[in-house]
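Report on the structure given below.
The values are calculated or read from the model by the stated rules, or taken from the named source; none is laboratory data. Worth saying up front: this structure is predicted, and the values here are computed from it rather than measured. Quick reminder, even Gly has a Cβ in these numbers, built from the backbone with ideal geometry, and neighbours come from all protein chains shown.
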Amino acid sequence: MRCTRQTSAEMPEGPGGEARFREFVEQVPAIVYLREPDDDPMRPGRIIYVSPQVEQVLGVTPGEWTADPTTWWEHLHPDDRPSVRLAFLQADAAGTKISIEYRMRGPGGGQVWFRDEAVPVQGTDGARAWQGIMLNVTAQKDAEAALLEAETRYRALIEQSPMISYLDAVDDSGTIYISPQATEILGYSPEEFYADPGLWTRMVHAEDLVLLDDDPLDAEYRIIAKDGRIVWVHDLARLIVDETGTPRYWQGVLIDLTARREAEALRQDLEQERAEAERLRAEDEMKTTFLQAVSHDLRTPLAAILGLAVTLDRHQANLGEGEIHDLTERIAGNARRLDRIVADFLDLERLQRGAAVPELRPLDLARLVREWVATTDLVSDRRMTLDVAPVTIRADPAMVERIIENLLGNSVKHTPRDASIWVRVNPVEGGGALLTVEDDGPGVPPEERDRIFEPFRQGSRTGAGSGVGLALVASFAALHGGRAWVTDRPGGGASFKVTLAGEPPEDQRTAKAGSSSAEESQA
């Protein structure tokens, strides 16, 4: 491996976007690193770069980390070393990305859990490295352990309480689990439920079957016990879906109404456990989404910048003026691309914490569109047609520019180079403006037209993206009392439309104006 050693204090400063990218990397709640592959099974790969967060999490400075190749290996938990080494060797040989969890020694000898997401990268000079991000998942691991312990206690508790707990498949395969109280309350043993998938349906009173269609289920109905008795139960259940949204199980409890008061406390415990499990799931999903966005969207321009910079550094003496100019232009182009990606993430973060409040002023929208298109390199190689009518609205210029930038960036990203783009501005009856950006690309399927405006949601159009740009468009439009949507373009392609009413919604007009003008202009 022949890569220039760099610590966090020695990262190359490229034009414009790299300083902002460094700021972003050094503020994310994770450790970003660049590491040599383990070409020698007896020697760990050298750390080329590691972000400053490593000192806070593990008590080792970036300089110490990069100076000694054994530092990473010595901090790795001894029990995890074989599996981690094998995983990196196999992934490096196959050229595939890696996702692995392991423990490391933290400050004071404590244990820190990491989820390591890394991809192999290769510079233009053929040098290989692992580019990755280490997310501290210690809190999640502790929460999972606590949840497992709580579930064990809860299982022991429910199997001694006067109620029936169950897990049913949504198909015809029947009961997956039912607690032993079924024998005492209903007269049927768990084994009888497992052996007869249709038993549950036959037990429910025919007049009450209609009550069992709700999700989540909260119903009182009658069951015919094995000895013919009518048993009234309170059924509390919810439909459990997998990561794709496909229904998998009904999870619930049957409470004998004669023990309603005793069972009420247990039901509250169950709801609390479910809420905590859902919170952990949502938090883990957001972390995973962030990791995927960083891995997929930042690695390409970052690898290009690193590769081009190394080439320029090593071969500058042998390159002509035109070649040097081409390399620096390509570095600058990738840096601007990184700057746009980072700006999207920062804007989304400000929106989510409610810090983005529009600073309204009279704005000639048509003029803004013409000037922005004339000065940007985003659409410099595309066939573009402008049809903008004069219209003045009260709006935040910086936010409107971000709307224009993300709409055009979306069209460029998801259409071939020979596609055409049309930009139109028209007044809206009653005040406000309509901004339309159209292309003759593949279009957007009807089933995707709503979800692509949600954060981290991507459609099936050609190309890759973080799923942030269109979410920002919709959010900024809403801050101006408007909305964003997409339809088919006559003749084929997509037609993205944004209305700007020129006035924020009521909750924004009454919000406390505590942000400075400089902060607002960054939106």
Picked from the stretch 61-79 (must be closer than 16 Å to Tyr102 by Cβ and among the acidic types (Asp, Glu)), the residue modelled with the lowest pLDDT is Glu74
Restricted to the stretch 363-384 and to residues being outside any helix (DSSP H, G or I) and out of contact with any Lys or Arg (no Cβ under 9 Å at 6 or more places or on another chain), the residue surrounded by the fewest Cβ atoms within 10 Å (Cβ to Cβ) is Ser380
Pairs returned, first residue in the stretch 165-180 that is part of a strand (DSSP E or B) and polar (S, T, N, Q), second residue that is surrounded by fewer than 19 Cβ atoms within 10 Å (Cβ to Cβ) and modelled with pLDDT of 90 or more, beta-carbon separation under 7 angstrom, 6 or more apart or interchain, are Thr175/Tyr194
All-but-one check, Thr258 against (1) farther than 23 Å from Val25 by Cα; (2) at pLDDT 80 or above, failing number (2)
Inspect all residues belonging to the stretch 418-439 and state whether any of them is among the polar types (S, T, N, Q), at pLDDT 85 or above, assigned to a helix (DSSP H, G or I) and under 24 Å from His480 (Cα atoms). no
*Can you find even one residue in the stretch 34-55 that is more than 30 Å from the chain's Cα centre (by Cα), surrounded by fewer than 17 Cβ atoms within 10 Å (Cβ to Cβ), in the same structural domain as Val121 (by TED's automatic domain parsing) and closer than 29 Å to Asp142 by Cα?*
no
Within the stretch 158-175, residues out of contact with any Phe, Trp or Tyr (no Cβ under 7 Å at 6 or more places or on another chain) and either exposed (fewer than 14 other Cβ atoms within 10 Å of the Cβ) or among the β-branched types (Val, Ile, Thr) (or both) come out as Ile158, Glu159, Gln160, Ile164, Asp171, Asp172, Ser173
Checked the stretch 203-246 for anything among the small types (Gly, Ala, Ser) and in contact with an Asp or Glu (Cβ under 9 Å, 6 or more places away or on another chain); matches are Ala219, Ala237
Restricted to the stretch 32-60 and to residues being of a type in the set (A, V, I, L, M) and part of a loop (DSSP other than H, G, I, E, B), the residue modelled with the highest pLDDT is Val60
Picked from the stretch 216-248 (must be closer than 17 Å to Asp171 by Cβ and exposed (fewer than 11 other Cβ atoms within 10 Å of the Cβ)), the residue farthest from the chain's Cα centre (by Cα) is Thr246
Just one listed residue, out of Gly110, Gly106, is touching a strand residue (DSSP E or B) at 6+ places or on another chain (Cβ under 7 Å) and either modelled with pLDDT of 85 or more or exposed (fewer than 15 other Cβ atoms within 10 Å of the Cβ) (or both), and it is Gly106
Among residues of the stretch 344-378 being under 30 Å from the mean Cα position of the chain (by Cα) and among the β-branched types (Val, Ile, Thr), the residue farthest from Ser475 (Cα to Cα) is Thr376
When restricted to Ala389, Ala433, the only residue more than 30 Å from the chain's Cα centre (by Cα) and surrounded by 22 or more Cβ atoms within 10 Å (Cβ to Cβ) is Ala433
Output for Cβ contacts, cut-off 8 Å, separation at least six or different chains, first residue among the acidic types (Asp, Glu) in the stretch 89-111, second part of a strand (DSSP E or B) and surrounded by 11 or more Cβ atoms within 10 Å (Cβ to Cβ), reads Asp92/Pro120; Asp92/Arg128; Asp92/Trp130; Glu101/Trp113; Glu101/Phe114; Glu101/Arg115; Glu101/Asp116
Check: Just a yes or no: is a residue in the stretch 234-250 of a type in the set (D, E, K, R) and over 27 Å from Glu144 (Cα atoms)?
Finding: yes
With the first residue restricted to the stretch 130-144 and required to be within 10 Å of Arg115 (Cβ to Cβ), and the second required to be assigned to a helix (DSSP H, G or I) and of a type in the set (Ser, Thr, Tyr), Cβ contacts under 8 Å at 6 or more apart or on different chains are Ile133/Ser295
When every residue in the stretch 77-112 that is among the small types (Gly, Ala, Ser), under 28 Å from the mean Cα position of the chain (by Cα) and assigned to a helix (DSSP H, G or I) is compared, the one farthest from Gln131 (Cα to Cα) is Ser83
Picking from Ser420, Ser411, the residue that is more than 18 Å from Thr499 (Cβ to Cβ), in contact (Cβ under 8 Å) with a residue 60 or more places away in the chain and in contact with an Asp or Glu (Cβ under 9 Å, 6 or more places away or on another chain) would be Ser411
